[in-house]
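Worksheet for the structure shown next.
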Amino acid sequence: MAAETISNDYLQLQTELHKNPNYGVASLSFAPIVADLIRQLNIRTLADYGAGKKNLLVGLTKAGIELQAYYPYDPVFPEYGQPREADLVCCIDVLEHIEPERLESVLDELARITVGVGFFSIHMGPAAKVLADGRNAHLIQEPSSWWLPRLAKHFEVLHLQSHEMMGRGIWLVVKRKQAGR
């Protein structure tokens, strides 16, 4: 599965970037929102897609959240295993980092594992960090009008909100589309 969603070259660049202790901290900012969602929907299992150093779990633990199961996934950390289905799938500050030609495969995978709802955040501008090859860490820098049709192929958007946590961005609560819709 990971071969379809990330190239070997890009995996090496991401592995290098993950050595930076300040890379992958966005989920801490979103943890209170995710915690509220967990409480409101009585979520028992959570898949953290693009989990990085598992900062979302740190933030949820600080918020007093206890889950039956937490399933991290990140190709940089193969020890986490493959993506797993869950009541809530979080994909925080990940989609803008995906190689554009692999975005559809990632969205397919997210739809496959989202059995309840998804919480996705997308930053739409440039990142402060740069890859070792000189490219901006946000490979996709597009407005919400670009993202929505791509997401709508796979998901019903239940809630969309703009955020300024890291500059220009949106966060969404989504539900996987049923077959034939």
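Residues checked against (1) modelled with pLDDT of 90 or more; (2) within 24 Å of V117 (Cα to Cα):
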| site | (1), (2) |
| --- | --- |
| A3 | no, no |
| D9 | yes, no |
| T15 | yes, no |
| N20 | no, no |
| F30 | yes, yes |
| I43 | yes, yes |
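Residue check: S145 meets all listed conditions (1) surrounded by 17 or more Cβ atoms within 10 Å (Cβ to Cβ); (2) more than 22 Å from I33 (Cβ to Cβ) but one, namely (1).
Got a sec? Which of I113, I98, I92, I140 is crowded, with 17+ Cβ neighbours inside 10 Å, within 18 Å of I6 (Cβ to Cβ) and either of a type in the set (K, R) or out of contact with any strand residue (DSSP E or B) (no Cβ under 9 Å at 6 or more places or on another chain) (or both)? Walk me through it before giving the result.
Details: I113 fails: either of a type in the set (K, R) or out of contact with any strand residue (DSSP E or B) (no Cβ under 9 Å at 6 or more places or on another chain) (or both); I92 fails: either of a type in the set (K, R) or out of contact with any strand residue (DSSP E or B) (no Cβ under 9 Å at 6 or more places or on another chain) (or both); I140 fails: either of a type in the set (K, R) or out of contact with any strand residue (DSSP E or B) (no Cβ under 9 Å at 6 or more places or on another chain) (or both).
Unique residue meeting the criteria: I98.
Remark: pairs (first residue in the stretch 55-77, closer than 23 Å to Q12 by Cα; second residue modelled with pLDDT of 95 or more and of a type in the set (S, T, Y); Cβ separation under 6 Å; 6+ apart in sequence or on different chains) = P72/Y80; Y73/Y49; Y73/Y80; D74/Y80. Of the candidates G52, G59, the single residue that is modelled with pLDDT under 95 and either aromatic (F, W, Y) or crowded, with 17+ Cβ neighbours inside 10 Å (or both) is G52.
Within the bounds of the stretch 62-74, is there any residue that is touching a His at 6+ places or on another chain (Cβ under 9 Å), at pLDDT 95 or above and within 16 Å of G118 (Cβ to Cβ)? Within the stretch 62-74 (the criterion being touching a His at 6+ places or on another chain (Cβ under 9 Å), at pLDDT 95 or above and within 16 Å of G118 (Cβ to Cβ)), the answer is no, since none of the residues qualifies.
Taking first residues from the stretch 36-47 that are over 12 Å from Q68 (Cβ atoms) and partners that are part of a helix (DSSP H, G or I) and at pLDDT 95 or above, the Cβ contacts under 7 Å between residues at least 6 apart in sequence or on separate chains come to A47/I113. In this structure, is A127 part of a helix (DSSP H, G or I) and either of a type in the set (G, A, S) or surrounded by 15 or more Cβ atoms within 10 Å (Cβ to Cβ) (or both)? The answer is no for A127.
The values are calculated or read from the model by the stated rules, or taken from the named source; none is laboratory data. These figures come from a predicted structure and were not determined experimentally. As a convention, Cβ positions derive from the backbone with ideal geometry for all residues, glycine included, and neighbour counts pool all protein chains shown.
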